[in-house]
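Inspection log for the structure reproduced underneath, given as structure tokens.
The values are calculated or read from the model by the stated rules, or taken from the named source; none is laboratory data. What you are looking at is a predicted structure, and each value in this text was computed from that prediction instead of being measured. Cβ sites come from the backbone with ideal geometry, for glycine too, and all protein chains shown count toward neighbours. Accessible surface areas use protein heavy atoms only, side chains included; no ligands, DNA or RNA. Shrake-Rupley method; radii C 1.70, N 1.55, O 1.52, S 1.80 Å.
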Amino acid sequence: MATLIHTLADHSDDVNYCAFSSSCLATCSLDKTIRVYSLSSFAELPYSPLAGHAYAVHCCCFSPSGRVLASCSTDGTAVLWDPRDGRRLAVLPQPGASPVRVCRFSPEAAYLLAGAADGSVVLWNVQSLKPYRSGKVKDGSLMACAFSPNGSFFVTGSSSGDLTIWDDKMRCLYNEKAHDLGVTCCDISSHPVSDSENGFTYFQMASCGQDNQTKLWLILFADFLGVQLKYKCTLNGHSAPVLACAFSCDGQMIVSGSVDKCVIIYETSTGNTLHTLSQHTRYVTTCAFAPHSPLLATGSMDKTVHIWQLDLKQSCAGDTVENESKVAVEDWSEDDVSAWLCAQDLADFVGLFKMNNIDGKELLNLTKESLANELKIESLGLRSKVLQKIEELRMTMISVSVPDEFLCPITRELMNDPVIATDGYSYEREAMENWISNRRSSPMTNLPLHSLMLTPNRTLKMAISRWLETQQK
């Protein structure tokens with residue numbers, strides 16, 4: 001699933017962080033520099049390294065558009081760079097000159113969040129280059145931060161072990177002790193989920209810490225509950241403090257890196273370990289998924305950054321479905337399923353699946369219960385093998401999935417008649433009409449809607465039509 005395809009070994013000291021844009025990879029180090037590489041060839045860009053910090057560089061990040069690169073350092077500053085030519089655009093000094101540990105752009109790139117060792121948090125206005133809001137965690141150093149995908153809130157993690165939820169006005173909404181020995185990193189999935197039955201929106205978050213644990217959380221927003229942080233599960237596998245975690249851009253996978261020198265890739269929905277990578281020779285300090293390509297970068301105190309190619313397509317031998325990239329799995333016929341079974345060395349089940357009329361849609365809905373109770377597969381080992389292959393098949397669908405902006409946030413289905421609500425988000429008309437018939441809040445932000453007017457989004461509808469045409473070629 002993960003193949004090491006390139007190693008970057010240009011830093012002269014520990015690698016602290018790495019970050020992707022759509023075309024570049026940036027890395028930063030204790031050696032005081034930021035290095036920038038092209039994703040097309042992994043060649044270092046001519047202006048790299050960027051050498052503007054006086055001390056170690058702890059974090060770097062690209063703005064959502066990739067047009068600005070930010071870095072922060074022990075020297076007490078965050079710096080903005082132009083990744084096209086390496087020009088330094090601005091130096092943002094942290095109040096009190098405390099070492100700045102983390103930085104993140106808000107989703108719309110209007111603000112840069114900078115968190116420091118003294119617990120201070122500053123939201124910088126990227127246009128005016130002035131502080132917009134500032135605050136401070138109640139205890140410890142600021143070690144981690146992440147924005148929600150809609151920008152309405154962000155989360156910070158501290159060395160005291162607290163996770164704190166803040167709104168965009170820097171008001172503390174919620175605080176919880178999450179990791180006994182301190183939080184080291186956190187990340188929020190870019191895919192919020194709307195629960196139309198209960199009337200709330202939730203966001204998935206991962207956090208990791210000095211307690212050797214990576215935890216999954218649900219951040220809930222509901223009219224009657226306010227904001228809540230709900231523990232979901234702990235991802236097992238590391239034997240030492242976990243220093244980094246990140247969601248894939250589709251939210252289907254989580255990666256973590258640890259003092260045990262290992263990188264573990266998990267499946268978000270099940271918490272199952274998909275792959276363990278052990279090529280680093282010292283602590284793994286950072287890991288990041290690329291936004292538009294199946295790449296993973298991991299950095300370490302061994303001074304290297306490994307680039308991994310993720311094989312999201314099932315490699316099948318024998319008589320498989322040649323049309324897999326064009327025919328959605330849920331549209332497979334019973335014969336297509338039979339061919340897939342043969343390719344997975346599961347030919348003994350072809351007769352059983354045909355007798356039960358298992359097509360692509362039925363295949364994807366199979367569970368361990370239905371395999372045992374309905375298909376009467378008695379062997380636990382065989383059931384596990386079949387279920388594992390089905391889970392792997394679901395993973396192959398990631399690479400041919402519908403662009404997220406074409407999916408209705410309520411139904412998570414391709415939109416046919418997209419409309420824009422007054423919260424600025426687009427929804428399928430029928431789904432949004434059903435939503436506002438019962439409530440007057442936004443499915444995405446849970447804030448009150450100023451008006452129930454829905455405006456046709458003709459531009460989005462045309463884009464969806466063009467995309468559908470390309471899928472039929």
Revision key, fill the gap. All-but-one check, Leu163 against (1) under 19 Å from the mean Cα position of the chain (by Cα); (2) at pLDDT below 95; (3) aliphatic (A, V, I, L, M), failing number (2)
Revision key, fill the gap. Quick count over the range 143-158, residues being among the polar types (S, T, N, Q) and either modelled with pLDDT under 95 or more than 21 Å from Gly96 (Cα to Cα) (or both), is 3
Check your understanding: Is it true that some residue in the range 48-61 is in contact (Cβ under 8 Å) with a residue 24 or more places away in the chain, hydrophobic (A, V, I, L, M, F, W, C) and open to solvent by 30 Å² or more (accessible area, probe 1.4 Å)?
Key -> no
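Regarding Ser71, is this residue surrounded by fewer than 19 Cβ atoms within 10 Å (Cβ to Cβ), farther than 14 Å from His306 by Cα, hydroxyl-bearing (Ser, Thr, Tyr) and in contact with a His (Cβ under 9 Å, 6 or more places away or on another chain)?
Details: surrounded by fewer than 19 Cβ atoms within 10 Å (Cβ to Cβ): no; farther than 14 Å from His306 by Cα: yes; hydroxyl-bearing (Ser, Thr, Tyr): yes; in contact with a His (Cβ under 9 Å, 6 or more places away or on another chain): yes.
Judged against the criteria, Ser71 is not a match.
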Exercise for review: Considering each of Asp85, Asp75 in turn, give the residue that is charged (D, E, K, R), modelled with pLDDT of 95 or more and part of a loop (DSSP other than H, G, I, E, B).
Suggested key: Asp75
Revision key, fill the gap. Of (1) open to solvent by 10 Å² or more (accessible area, probe 1.4 Å); (2) under 23 Å from the mean Cα position of the chain (by Cα); (3) under 21 Å from Thr304 (Cα atoms), Leu25 fails just (1)
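Residues that are in contact with a Lys or Arg (Cβ under 7 Å, 6 or more places away or on another chain) and surrounded by 16 or more Cβ atoms within 10 Å (Cβ to Cβ): find the strands (runs of 3 or more DSSP E) completely inside the range 123-199 holding 2 or more of those.
142-147
Which of the residues belonging to the range 411-434 are open to solvent by less than 50 Å² (accessible area, probe 1.4 Å) and more than 27 Å from the chain's Cα centre (by Cα)? Please lay out each step first, then the result.
Initially, the range 411-434 is screened for residues open to solvent by less than 50 Å² (accessible area, probe 1.4 Å), giving 415, 417-419, 421, 423, 426-428, 431-432.
Selection gives Asp417 alone.
Could you count how many residues in the range 243-264 are under 22 Å from Gly182 (Cα atoms), under 17 Å from the mean Cα position of the chain (by Cα) and open to solvent by less than 30 Å² (accessible area, probe 1.4 Å)? Break it down stepwise before answering.
The initial filter retains those residues of the range 243-264 that are under 22 Å from Gly182 (Cα atoms), namely 243-247, 254-264.
From what is left, the residues that are under 17 Å from the mean Cα position of the chain (by Cα) are 243-247, 254-257, 263-264.
From what's left, open to solvent by less than 30 Å² (accessible area, probe 1.4 Å): 244-247, 254-257, 263-264.
Within the range 243-264, residues that are under 22 Å from Gly182 (Cα atoms), under 17 Å from the mean Cα position of the chain (by Cα) and open to solvent by less than 30 Å² (accessible area, probe 1.4 Å) number 10.
I'm checking my understanding of the structure. Among residues of the range 28-39 that are part of a strand (DSSP E or B) and over 21 Å from the mean Cα position of the chain (by Cα), which one is nearest to Ser71 (Cα to Cα)?
Of the residues in the range 28-39, the ones part of a strand (DSSP E or B) are 28-29, 34-38.
After this cut, where a residue has to be over 21 Å from the mean Cα position of the chain (by Cα) as well, the list is 29, 34-38.
Values: Ser29: 11, Ile34: 8, Arg35: 11, Val36: 12, Tyr37: 15, Ser38: 18 Å.
So the residue we want is Ile34.
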Point to revise | Unique residue being at pLDDT below 95 and farther than 13 Å from Val121 by Cβ when the list is Gly226, Gly140, Gly135 | key: Gly226
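Quick one: in the range 2-22, which of the residues that are surrounded by fewer than 17 Cβ atoms within 10 Å (Cβ to Cβ) and not acidic (Asp, Glu) is farthest from the chain's Cα centre (by Cα)?
Taking the range 2-22 as the starting set, the residues that turn out to be surrounded by fewer than 17 Cβ atoms within 10 Å (Cβ to Cβ) are 3-7, 9, 12-13, 22.
Next, from what is left, pick out any that are not acidic (Asp, Glu): 3-7, 9, 12, 22.
Details: Thr3: 20, Leu4: 21, Ile5: 22, His6: 22, Thr7: 23, Ala9: 26, Ser12: 29, Ser22: 14 Å.
Result: Ser12.
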